[in-house]
1. Is there a residue being more than 21 Å from residue A:93 (Cβ to Cβ), within 14 Å of another protein chain (Cβ to nearest Cβ) and either in contact with a strand residue (DSSP E or B) (Cβ under 8 Å, 6 or more places away or on another chain) or touching a residue at least 40 places away in the same chain (Cβ under 8 Å) (or both) anywhere in the range B:84-105?
2. Name the single residue, out of those in the range A:85-108 being at the interface with another protein chain (Cβ under 9 Å from one of its Cβ atoms) and in a helix (DSSP H, G or I), that is farthest from residue A:126 (Cα to Cα).
3. Do we find that residue A:199 is surrounded by 15 or more Cβ atoms within 10 Å (Cβ to Cβ), more than 30 Å from residue A:82 (Cα to Cα), away from chain B (no Cβ under 13 Å) and touching a helix residue (DSSP H, G or I) at 6+ places or on another chain (Cβ under 7 Å) in this structure?
4. Please give the number of the condition residue B:183 fails out of (1) out of contact with any strand residue (DSSP E or B) (no Cβ under 9 Å at 6 or more places or on another chain); (2) touching a residue at least 12 places away in the same chain (Cβ under 8 Å).
5. Among the strands (runs of 3 or more DSSP E) lying completely within the range A:1-84, list those that include at least 3 residues that are touching a strand residue (DSSP E or B) at 6+ places or on another chain (Cβ under 6 Å).
6. For the range B:158-177, give me each residue that is under 20 Å from residue B:135 (Cβ atoms), touching a strand residue (DSSP E or B) at 6+ places or on another chain (Cβ under 7 Å) and crowded, with 16+ Cβ neighbours inside 10 Å.
7. Among the numbered criteria (1) within 14 Å of chain B (Cβ to nearest Cβ); (2) surrounded by 16 or more Cβ atoms within 10 Å (Cβ to Cβ), which one does residue A:169 miss?
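FYI, it's all coordinate maths here, none of it is from the lab. Just so you know, these numbers come straight off a predicted model, no measurement behind them. Note: ideal-geometry Cβ built from the backbone for every residue, glycine included; neighbour counts use all protein chains shown.
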């Protein structure tokens, strides 16, 4: 059986002590061309639930739009915030029932009163798995070993955010389909916070050079 | 009870099978000549499941790996699940289809409970139902990409069997799926007997799981064993087996045979 082919992007969802961090790169490609070098792959579903999108941009957008629409109605009906599990289940149902059309891997993460922070991976095919951390997209291949070693349970907010940014930076270094900036979203009981790490602010690794003004003189 | 697991597939994009009615002839609006299907190639897969009857009931074992092609992507996938009070189902193959089958079985158990007549579904009932589910999907050329193992005890009768994605089904005293068919069943045939104790049965399953860990590339050393007796279903916490690598021939494989592997 061939390995299924991966999709451009690196996305991560990670639980920490009080909530979750979602992270993503910002490169959208059409073939070899970088169509958008500053995309936002983390999309809001409700006030307290976000989704990281990978794979076909169109497919992931349409699934997010439907789930946001359903969750909006659901929130009105129940009179309180939807749970992360509900959001993930809706994403899963759409992914599974339409699996012959869709090519998108999603990570649903957020905070609710029942479970605190939770992260759900919904890879190709529509399997739904609750995980302490999830990775997705073509860049995630480069992160299995790194996160196996570096991830700890019950990290602080700062440590978890640093780990997510470092991991995405590592994936960007090796994966041609990932690049640009790192965007993160932190969701916990107190609310939501976005962060932005410009491409030239990311940590540098093996065999990479820090930029400096040109040496060329005329 | 007619099995009603189908979405209304007249929309090109399905809103979830519970919201709409059934349509056995589902075609895409985008390309009407193409029928809508589920899994044609699996993505996230589980490997072998092993099962044996023993003196007091049935033991079923499986590891907790979810593979994605050749990568071990998920290391904590629960592939053994209790159904009702008396039955356990284990799955090999595509995990999203297994999750859907669990939804179907959930509906079955709940609908049966609503009759409120103290009748419960036992292993033979679940086996027969799963066979119908799998065979009917296969007939639509839209299989659930799983081999399911099914075991339990009800009213003193021990039951153990398999259902494949083609709708093939059978029962036996010891069964296996996936790689286990080739590596574990021969060991079962040699070493199984009817009066095994819990300890003997567990040892036999662990021996076979160890062989599978050594020889099945998709297997990991993290497994669960389920014990189903008249008193109910108990699934162990995941645990790892001791492995042996310190053979002289392993540490010095090419002594006297340079260049060999």
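1. Checked against the condition, which is being more than 21 Å from residue A:93 (Cβ to Cβ), within 14 Å of another protein chain (Cβ to nearest Cβ) and either in contact with a strand residue (DSSP E or B) (Cβ under 8 Å, 6 or more places away or on another chain) or touching a residue at least 40 places away in the same chain (Cβ under 8 Å) (or both), the range B:84-105 yields at least one hit.
2. Here the residue is A:90.
3. Considered against the rule, which asks whether it is surrounded by 15 or more Cβ atoms within 10 Å (Cβ to Cβ), more than 30 Å from residue A:82 (Cα to Cα), away from chain B (no Cβ under 13 Å) and touching a helix residue (DSSP H, G or I) at 6+ places or on another chain (Cβ under 7 Å), residue A:199 comes out as no.
4. Of (1) out of contact with any strand residue (DSSP E or B) (no Cβ under 9 Å at 6 or more places or on another chain); (2) touching a residue at least 12 places away in the same chain (Cβ under 8 Å), only one is false for residue B:183: (1).
5. Strands (runs of 3 or more DSSP E) meeting the threshold: A:11-15, A:19-24, A:42-44, A:49-55.
6. Across the range B:158-177, the qualifying residues are B:159, B:160, B:161, B:162, B:163, B:164, B:165, B:169, B:175, B:177.
7. It fails just one condition, (1).
So that you can scan it fast, the table gives a plain yes or no per residue for (1) outside any helix (DSSP H, G or I); (2) closer than 30 Å to residue B:203 by Cα; (3) within 14 Å of chain A (Cβ to nearest Cβ):
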position	(1), (2), (3)
B:72	yes, yes, yes
B:78	yes, yes, yes
B:109	no, no, no
B:117	yes, no, no
B:136	no, no, no
